[in-house]
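Trainee: Sharing a structure, written as structure tokens. Questions coming.
The values are calculated or read from the model by the stated rules, or taken from the named source; none is laboratory data. Everything numeric here is computed off the predicted structure, so don't read it as measured data. All Cβ positions, even for glycine, are placed from backbone atoms using ideal geometry, and neighbour counts span all protein chains on display. These area figures cover heavy atoms from the full protein model, side chains too; ligands, DNA and RNA do not enter into them. Shrake-Rupley method; radii C 1.70, N 1.55, O 1.52, S 1.80 Å.
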Amino acid sequence: MAMNPSSATFLLSLPPMRGFASVLFLVLVTAVPGFDDEELGAMARIVMVVVVLMLGTVIWGATLSGFVRDVREPRCLGDAVVLANRPRRLARVLSWASLAVVILSGLSFGLLAAAELSDVALLLSMLSFLVALPVASLLPRLSRWYADGAGRVAASPGGLQIVPARGGEDMTIPWTELGTVLPSSSPEGSLPAVRGCGLGGRVRWRPGTCAAVARWAAEGFDPTAEEARSLHLDPEWSSDPSTVRSSRADRWG
């Protein structure tokens with residue numbers, strides 16, 4: 001039975017599969033000497049380039065979509081947008097750096113092998129590739145799972161959604177019931193209503209979210225264009241007519 005595109009995309013979004021497929025593509029591009037074969041005609045070269053480009057687009061499109069989904073901050077929680085969670089700055093930096101090393105070392109290994117340069121350069125390229133590949137494949141998802149285990153706070157027009165640490169029950173606090181929001185780096189320090197809800201001690205507000213939540217609790221939930229843009233909120237949640245235009249411009253950018 002033929003595999004449909006959605007199934008192929010799902011498989012390539014899994015870290016082991018996307019890492020394996022990406023490695024095969026890098027080897028194909030750098031190690032296959034067909035591009036330099038003088039016996040191939042111009043049409044054969046064009047066809048080969050088109051096939052490789054199409055294959056690379058599918059493989060790396062699925063690879064990067066899965067990678068970006070796991071690394072991205074802030075993330076959606078159903079219809080809500082996460083405003084507070086456990087930070088994972090180091091894991092995100094290491095993930096992006098490892099992905100760059102995988103690409104560069106994978107390409108350089110094939111080029112070095114084709115050029116028959118020193119074995120030391122080949123060994124260093126291989127070692128860097130073998131170290132970076134599992135980090136780029138597994139660290140984004142593992143760090144996201146670990147950070148989510150401490151709990152999250154998300155915003156939607158219905159109120160502030162609290163997802164406690166693993167084992168607790170989710171709850172939604174309407175904006176009118178939040179009360180006074182105190183300036184603090186953590187939701188439990190800002191919101192008396194969420195104290196004791198089971199959030200982890202290292203859950204922190206994202207930059208700018210505490211002030212925005214304080215305004216919404218006092219004035220009602222109506223994000224400004226700047227808040228919608230900086231916090232990645234749905235433009236339809238704001239009554240500011242410039243919000244949709246700004247969001248579209250950001251997406252094109």
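Trainee: Would it be correct to say that residue 113 is out of contact with any Phe, Trp or Tyr (no Cβ under 9 Å at 6 or more places or on another chain), assigned by the TED database to the domain that holds residue 233 and either open to solvent by less than 20 Å² (accessible area, probe 1.4 Å) or at pLDDT below 85 (or both)?
Mentor: On the way: out of contact with any Phe, Trp or Tyr (no Cβ under 9 Å at 6 or more places or on another chain): yes; assigned by the TED database to the domain that holds residue 233: no; either open to solvent by less than 20 Å² (accessible area, probe 1.4 Å) or at pLDDT below 85 (or both): yes.
It is false that residue 113 is out of contact with any Phe, Trp or Tyr (no Cβ under 9 Å at 6 or more places or on another chain), assigned by the TED database to the domain that holds residue 233 and either open to solvent by less than 20 Å² (accessible area, probe 1.4 Å) or at pLDDT below 85 (or both).
Trainee: Then there's this: With the structure loaded, tell me whether residue 215 is open to solvent by 70 Å² or more (accessible area, probe 1.4 Å) and either within 16 Å of residue 231 (Cα to Cα) or under 25 Å from the mean Cα position of the chain (by Cα) (or both) or whether it fails that test. Even if it seems obvious, please write down each step before you answer.
Mentor: Numbers: open to solvent by 70 Å² or more (accessible area, probe 1.4 Å): no; either within 16 Å of residue 231 (Cα to Cα) or under 25 Å from the mean Cα position of the chain (by Cα) (or both): yes.
Here the answer is no, as residue 215 does not meet what is asked.
Residues are listed down the side, and each one gets a yes or a no for (1) assigned by the TED database to the domain that holds residue 231; (2) under 19 Å from residue 216 (Cβ atoms); (3) open to solvent by 20 Å² or more (accessible area, probe 1.4 Å); (4) part of a strand (DSSP E or B):
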| site | (1), (2), (3), (4) |
| --- | --- |
| 146 | no, no, yes, no |
| 160 | yes, yes, no, yes |
| 165 | yes, no, yes, no |
| 183 | yes, yes, yes, no |
| 189 | yes, yes, yes, no |
| 197 | yes, yes, yes, no |
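Trainee: Looking at segment 201-220, which of its residues are at positive phi and touching a Ser or Thr at 6+ places or on another chain (Cβ under 7 Å)? Working first, answer last.
Mentor: Taking segment 201-220 and keeping what is at positive phi, we get 208, 220.
The one that is at positive phi and touching a Ser or Thr at 6+ places or on another chain (Cβ under 7 Å): 208.
Trainee: Filter segment 167-181 down to residues that are closer than 21 Å to residue 73 by Cβ and either at pLDDT 85 or above or buried (at least 20 other Cβ atoms within 10 Å of the Cβ) (or both), then give me how many there are. First the steps, then the outcome.
Mentor: Residues of segment 167-181 closer than 21 Å to residue 73 by Cβ: 170.
Add one more test, that the residue is either at pLDDT 85 or above or buried (at least 20 other Cβ atoms within 10 Å of the Cβ) (or both), and what stays is none.
The qualifying residues number 0.
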